[in-house]
Amino acid sequence: MTILHRLRPARRANEAVGEGLSPGERAAMIGAAASKLAELFDVLHVDHRNDHNTRETPSRVARMFVDEIMHGRFAAPPALTEFDNVEAFDQLIVIGPIDVRSTCAHHLMPIYGEAFLGVLPSADGKVIGLSKYDRIVDHFSGRLQIQEELTKQIGQFIMDKTEPRGVAVRISAVHMCKTHRGVRASHRSRMITSAYFGTLAEDPARKDEFLRECAGLAQTA
Ligand SMILES: [Zn+2]
């Protein structure tokens with residue numbers, strides 16, 4: 001598979017392998033994936049050559065994997081617009097709910113829910129545009145994930161790129177590998193994960209403040 005040579009090797013499905021595919025590389029990847037999906041359909045006795053419902057499904061699903069389900073693996077992380085923190089605002093900022101649409105690395109089933117982010121800026125640092133937080137969540141969700149690692153990846157990225165005093169990430173999500181198969185749990189059954197960085201990891205009062213704000217935002221949503 002020549003198109004893969006340029007991409008960096010990654011052992012984990014939720015690690016990036018590239019910083020943007022060229023149109024040719026994207027087309028080659030989709031084409032190669034489509035022919036493997038066609039093989040899978042053959043194995044499962046789905047007659048995609050003659051059945052009008054599944055005729056285009058291998059290429060449709062291949063495109064979906066490359067462009068949507070796993071887009072955050074092949075694309076560069078969102079570029080962050082930084083603004084000077086002119087008023088030296090240093091209090092907790094809480095953002096959410098931000099929709100989470102991801103895919104479970106164990107079963108390839110959807111994970112969907114909401115993320116809440118807490119950022120404790122440093123008075124002499126930078127702040128980033130509000131919509132960038134949605135883009136960051138979308139970027140890391142666009143990989144085969146487990147929720148715990150998704151939560152940490154989002155927080156670590158914000159820490160590394162914007163150097164605030166602290167970051168908190170809380171995700172509440174439904175895992176369709178649990179509701180649609182396996183134990184067939186209720187669609188109301190959720191999993192909550194949190195990750196704390198910097199001051200937010202060390203200061204219980206700040207953590208409480210974050211959780212209170214999350215509860216308020218979840219209620220008004
Ligand atoms: Zn799963």
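The values are calculated or read from the model by the stated rules, or taken from the named source; none is laboratory data. All values derive from a computational prediction rather than experimental measurement. In this analysis, Cβ positions are derived from the backbone assuming ideal geometry, glycine residues included, and neighbour counts consider all displayed protein chains.
Could you pull out the residue among 80, 120 that is over 24 Å from residue 180 (Cα atoms), in contact with a Lys or Arg (Cβ under 8 Å, 6 or more places away or on another chain) and modelled with pLDDT of 95 or more?
Of the residues listed, the single one that is over 24 Å from residue 180 (Cα atoms), in contact with a Lys or Arg (Cβ under 8 Å, 6 or more places away or on another chain) and modelled with pLDDT of 95 or more is 120.
What residue, among those in the stretch 136-165 that are more than 16 Å from the ligand (Cβ to nearest atom) and not in a helix (DSSP H, G or I), is nearest to the chain's Cα centre (by Cα)?
Top of the filtered list is 142.
Rundown of residues vs (1) of a type outside the set (Lys, Arg); (2) under 19 Å from the mean Cα position of the chain (by Cα); (3) not in a strand (DSSP E or B), yes/no style:
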residue	(1), (2), (3)
26	no, no, yes
35	yes, no, yes
72	yes, yes, yes
91	yes, no, yes
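Taking residue 142 and the conditions (1) farther than 16 Å from residue 96 by Cα; (2) modelled with pLDDT under 95, which numbered condition does it fall short on, given that it satisfies the others?
(2)
Test of understanding: among 92, 21, which residue is in contact (Cβ under 8 Å) with a residue 60 or more places away in the chain and not charged (D, E, K, R)?
92
Can you tell me which of 194, 172, 102, 189 is under 21 Å from the mean Cα position of the chain (by Cα) and in a loop (DSSP other than H, G, I, E, B)?
From the options 194, 172, 102, 189, the qualifying one is 189.
Out of the residues in the stretch 94-113 that are away from the ligand (no atom under 16 Å from the Cβ) and buried (at least 16 other Cβ atoms within 10 Å of the Cβ), state the one that is nearest to residue 14 (Cα to Cα).
98
Quick check on my filter: what residues within the stretch 92-134 are among the basic types (Lys, Arg) and touching a Gly at 6+ places or on another chain (Cβ under 9 Å)?
Scanning the stretch 92-134 gives a single hit, 101.
Return the only residue of 201, 195, 168 being closer than 26 Å to residue 68 by Cα, touching a helix residue (DSSP H, G or I) at 6+ places or on another chain (Cβ under 9 Å) and of a type in the set (A, V, I, L, M, F, W, C).
Answer to the selection: 195.
Out of everything in the stretch 166-182 that is charged (D, E, K, R) and within 11 Å of the ligand (Cβ to nearest atom), what residue ends up being surrounded by the fewest Cβ atoms within 10 Å (Cβ to Cβ)?
By that ranking, first place goes to 181.
Looking only at the stretch 14-59, filter to residues that are of a type in the set (Lys, Arg) and exposed (fewer than 14 other Cβ atoms within 10 Å of the Cβ); which one of those is nearest to residue 77 (Cα to Cα)?
For the stretch 14-59, the residue satisfying everything is 36.
State whether one or more residues within the stretch 109-124 are touching a Phe, Trp or Tyr at 6+ places or on another chain (Cβ under 8 Å), polar (S, T, N, Q) and closer than 17 Å to residue 202 by Cα.
no
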